[in-house]
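Here the structure comes first, spelled out in structure tokens, and everything after it is commentary.
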Amino acid sequence: MRNFGFVYMINHGTTPEKVENLFSKCLKFFQLPAEVKAKYKKIDEVISSQGYTSSGDETVGELNRKRNGAPGLALPDLKECYDVFADEAKEESIFPAEVSGFKHAVDEFRSSLIHLVEKILRAFANYLNLQDQDYFIKEHSSILRDGIKKSYNFIRTNYYFPINPTGIVNPDKFGSNLRLGAHSDIGTMTFLFQDECGGLEVKLSNGEWVDIKPIKNSFILNGGFMLEVWSGGNLPAGPHRVRALSENFTRHRQSVGLFVQPDVTTEMQSLVSNKPNWEPAFSYNEGTTHYEFFKKVILYMSAK
């Protein structure tokens, strides 16, 4: 984690059957007609993380472009998403009625991971040698205590649709065939499950991009920007992207992530000494709440 913010997790307690069941339900939704999926589109992501995001609605790479002061605009993401809150079980009515068992698949996936959230938060506190070893637990009461405080924890299901290879310029270069632009996650940490398609890459400190290849029955744990700030840069929010590999243009790619966020009132502050020459993934002000930071990032991501 301390080198570039990504690690593989195995023997984590989530069965392959639960992951595959969720992948199956998500795929059924994404293969529905566009007019059906449109019924579930998000109205305002700052207010609610629940709902559908169509292709072109997000430009995640815009976060990275604005940070680096690059000219122009980043390209919209070549993917669709469906997000659900991860703090607590919700009513059946908020899930797509056209996909039987969607809610059950999400609930099983979520419940199988919550125990890991607490264990890993305690491990981070121990690694950083925090005086208050329960600090991270207290600041994540929403996901750990079923919504005592408001937060923006969510489960995101991603569908990267097949790409027509005739529409790709320079298919062996990354510039024009990114399915998801380079970015760092903004919360505490992400548990990411990916299928066998490949394409996920992380940026090393020397600027090199390396593959995060799928490993059967594993998931990727990557740090978010809140963890980077708390750790003074010692646990970085690694920049990552999804590239359309030339051999896989015509097949779809799926992933599902549990995005763990602190409570909205949690403040951004370094809890330990900053790493020498630390360059934060985002600009921020000490004392800013996670809610204020979250709103700012959502506006950057908007492609409208």
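The local environment of K138, defined by Cβ-Cβ distances under 9 Å, has a net charge of -4 under the rule Lys, Arg +1 and Asp, Glu -1.
Working note: Karplus 6.51/-1.76/1.60 with θ = phi - 60° gives the stretch 114-125 the couplings 4, 4, 6, 4, 5, 4, 6, 4, 5, 5, 5, 4 Hz, where Gly and Pro are set to x. Rounded to the nearest 0.05, what FRET efficiency do I137 and K213 give with R0 = 41 Å and r taken as the Cβ-Cβ distance? Could you check? Taking R0 as 41 Å, the efficiency between I137 and K213 is 0.80.
Sequentially through the stretch 130-141, phi angles give Karplus couplings (6.51, -1.76, 1.60; θ = phi - 60°) of 5, 5, 9, 5, 9, 4, 5, 5, 5, 8, 10, 5 Hz, Gly and Pro residues having no value and appearing as x. The stretch between S246 and S54 holds 66.8 nm of extra length on full extension. This uses 0.36 nm per residue minus the Cα-Cα distance.
The stretch 185-243: which GluC sites (Glu not before Pro) are DSSP loop and have at most 16 other beta-carbon atoms within 10 angstrom? Walk me through the numbers before you get to the answer.
Details: sites: E196, E201, E208, E228; in loops: E196, E208.
The qualifying sites are E196, E208.
Mind checking the dipole of the stretch 170-266: about its Cα centre, +1 per Lys or Arg Cβ, -1 per Asp or Glu Cβ, Debye to the nearest 20? List each step's numbers first, then the result.
Values: 9 positive and 10 negative charges, 48 e Å.
Dipole about the Cα centre, nearest 20: 240 debye.
Tally Lys and Arg at +1 and Asp and Glu at -1 over the other residues with C-beta under 15 Å from the C-beta of Y160: what net charge comes out? List each step's numbers first, then the result.
Values: positive: K79, R156, R179, R241, R243, R251, R253; negative: D57, E58, D77, E80, D195, E196, E201, E247.
Counting the neighbours of Y160, the net charge comes to -1.
Per atom type, the stretch 213-282 shows carbon and sulfur on 46% of its accessible surface, probed at 1.4 Å.
Its Cα gyration tensor gives the stretch 185-304 an equivalent ellipsoid; the semi-axes, largest first and in whole Å, are 28, 17, 14. Excluding ligands, DNA and RNA, the accessible surface per residue across the stretch 223-274 is 26 Å² with a 1.4 Å probe.
What number comes out for the charge environment of V99, summing +1 per Lys or Arg and -1 per Asp or Glu over other residues with Cβ under 12 Å away? Charge balance in the 12 Å sphere: +2.
Across the stretch 196-259, the volume of the C-alpha convex hull divided among the residues equals 100 Å³ per residue. Placing R0 at 25 angstrom, the Cβ-Cβ distance between N129 and I94 gives a FRET efficiency of 0.05 after rounding to 0.05.
You can think of it this way: the chain between W278 and A34 has 83.4 nm of extra reach, that is 0.36 nm per residue less the Cα-Cα gap.
For the stretch 226-243, 3J(HN,Hα) computed residue by residue from phi via the Karplus equation (6.51, -1.76, 1.60; θ = phi - 60°) reads 4, 5, 4, 5, 4, 8, x, x, 6, 10, x, 8, x, x, 8, 7, 10, 9 Hz, glycine and proline entered as x. Would you pull out the residues with amide H under 5 Å of G187's amide H, same chain only if 5 or more places away, H placed 1.01 Å from N? Counting only residues 5 or more places away or on other chains, the set is F225, M226.
The values are calculated or read from the model by the stated rules, or taken from the named source; none is laboratory data. Only a predicted model underlies this, so the values are computations on that prediction, with no experimental measurement involved. Glycine also receives a Cβ, built like all others from the backbone with ideal geometry; neighbour counts cover every protein chain displayed. The area values use the complete protein model at the heavy-atom level, side chains included, leaving out ligands, DNA and RNA. Shrake-Rupley method; radii C 1.70, N 1.55, O 1.52, S 1.80 Å.
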